[in-house]
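All remarks here apply to the structure that follows.
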2 protein chains.
Amino acid sequence: MNSTQYVLLSLLAREPLSGYDMKQQVDGRISFFYKMNNNQLYPSLSKLEADGLIRLQSHEKESYRPTKKVYAITDEGLACLKAWVTEPSEPEAWDEFLLKQYSSWLVEPDVLISILETRRREHEERLNGYKEKVAAFREQYEPLSSDHPFFSTVAVIEMGIGFERSYIEWCSNMIGWLKENRI
Amino acid sequence: MNSTQYVLLSLLAREPLSGYDMKQQVDGRISFFYKMNNNQLYPSLSKLEADGLIRLQSHEKESYRPTKKVYAITDEGLACLKAWVTEPSEPEAWDEFLLKQYSSWLVEPDVLISILETRRREHEERLNGYKEKVAAFREQYEPLSSDHPFFSTVAVIEMGIGFERSYIEWCSNMIGWLKENRI
DNA sequence: GCGCCCATGTAAAAGGTTACATGATTAG
DNA sequence: CTAATCATGTAACCTTTTACATGGGCGC
């Protein structure tokens, strides 16, 4: 199972769609963190169907158009998707985690909270690592001149720090929201 | 020219290194946004050398060890790297932009400032787009239940908002710093 | 008539991942 | 004597990207 297949399952978990419609949705709605092309799309659909994770719901020939094949997710497909979403991701895999979060509505709030807490801890560790690196650089090489390699090294790590901070904040917001609305 | 080749140029712009040392540096220092393996490494080095962008500086046989091939960047290589760094990246390509910023010390501050300002503007537009999307969702579907697909949709866009914000802030910090230290 | 939209797909090439291969030395 | 480190590389596989192919209808 590759990530394209999980994306297709994620979309079909929401509503039945044709291959063409799935591509439209990916392009229009989640293109900022995932891109798909026809080459991955149709073979992935065939494989999902062969594995029994999706099934052909209708096969309409609308007048002149090519037969539109609308697929729906099966119970096995839904179980497979749920298992993938709750399975831990590596901290580097931003996009995989985002894809999983796109199906977080399938997961029980308590399970989701514990996933988010683990994730937050990992990113707090990374954040501290980056902070230490930058502090060491700044101490040793102050003042930094913009034509020195370390200027860029520090700049790149600063970007990492920003991302980790917003990641951690997002986890906290999600956890807070889930705990408030759990009762 | 693929991104691996630019990474190698970025490292050699800082100091002469052997293939093995480049891999060590990538693994140890910039692994959080870039990964490299031997398969890409050695063919890329050969190609860069064939294209005259790097040259073999020394070819030492230290007693028992395999001959260590230390490469240095050429003037053509430096020009090529500089051209790549100043060339605009698409807003989606985070990692490419980060790689380019790793060599930003080669670029004149004024040029770098204008690159960062363009970049910031692009991300401000994206941020506004996401904000509008979330507002529309929240207005239509309040209150959001955590077992409804839109809960996840909104969550994912919120993460995008966080990233865009930290990106914009980083650009602003860089621009501010460069302007202060320009005189 | 030209190009775009719908809707399915395929082929070829480039890029990336995993694992293996050599071969000497040093640390346990 | 086993495993790890240094240092080069190759082979096989998987994924991704780019482009093409079909074919009718619709707007300009």
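The values are calculated or read from the model by the stated rules, or taken from the named source; none is laboratory data. No experiment lies behind these values; they were computed from the predicted model shown. Neighbour counts run over all protein chains shown; Cβ positions are idealised from the backbone, glycine included. For accessibility, only protein heavy atoms count, side chains too; no ligands or nucleic acids. Shrake-Rupley method; radii C 1.70, N 1.55, O 1.52, S 1.80 Å.
Quick one: would you say A:V70 is within 16 Å of DNA strand C (Cβ to nearest atom), touching a Leu at 6+ places or on another chain (Cβ under 9 Å) and open to solvent by less than 30 Å² (accessible area, probe 1.4 Å)?
yes
For B:S58, indicate whether it is farther than 28 Å from A:H123 by Cα and either buried (at least 17 other Cβ atoms within 10 Å of the Cβ) or within 13 Å of DNA strand C (Cβ to nearest atom) (or both).
It is false that B:S58 is farther than 28 Å from A:H123 by Cα and either buried (at least 17 other Cβ atoms within 10 Å of the Cβ) or within 13 Å of DNA strand C (Cβ to nearest atom) (or both).
Of all residues in the stretch B:30-55, how many are away from DNA strand C (no atom under 13 Å from the Cβ), surrounded by 17 or more Cβ atoms within 10 Å (Cβ to Cβ) and free of Cβ contacts under 8 Å to residues at least 40 places away in the same chain?
2
Could you figure out which of (1) away from chain B (no Cβ under 14 Å); (2) open to solvent by 20 Å² or more (accessible area, probe 1.4 Å); (3) touching a helix residue (DSSP H, G or I) at 6+ places or on another chain (Cβ under 7 Å) isn't true of A:I115?
(1)
When you look at A:Y102, is it crowded, with 19+ Cβ neighbours inside 10 Å, touching a Gly at 6+ places or on another chain (Cβ under 7 Å) and in contact (Cβ under 8 Å) with a residue 12 or more places away in the chain, yes or no?
Considered against the rule, which asks whether it is crowded, with 19+ Cβ neighbours inside 10 Å, touching a Gly at 6+ places or on another chain (Cβ under 7 Å) and in contact (Cβ under 8 Å) with a residue 12 or more places away in the chain, A:Y102 comes out as no.
Within the stretch B:167-183, can you find the residues that are crowded, with 19+ Cβ neighbours inside 10 Å and either among the polar types (S, T, N, Q) or closer than 21 Å to A:L99 by Cβ (or both)?
B:Y167
Restricting the search to the stretch A:126-183, which residues are of a type outside the set (G, A, S), facing chain B (nearest Cβ under 7 Å) and not in a helix (DSSP H, G or I)?
The answer is A:D147, A:H148, A:N181.
Quick one: which of B:D27, B:D110, B:D75, B:D95 is open to solvent by 30 Å² or more (accessible area, probe 1.4 Å), away from DNA strand C (no atom under 16 Å from the Cβ) and within 14 Å of chain A (Cβ to nearest Cβ)?
Of B:D27, B:D110, B:D75, B:D95, the one residue that is open to solvent by 30 Å² or more (accessible area, probe 1.4 Å), away from DNA strand C (no atom under 16 Å from the Cβ) and within 14 Å of chain A (Cβ to nearest Cβ) is B:D110.
Go through the stretch A:1-22 and count every residue that is open to solvent by 40 Å² or more (accessible area, probe 1.4 Å), within 12 Å of DNA strand C (Cβ to nearest atom) and over 16 Å from the mean Cα position of the chain (by Cα).
3
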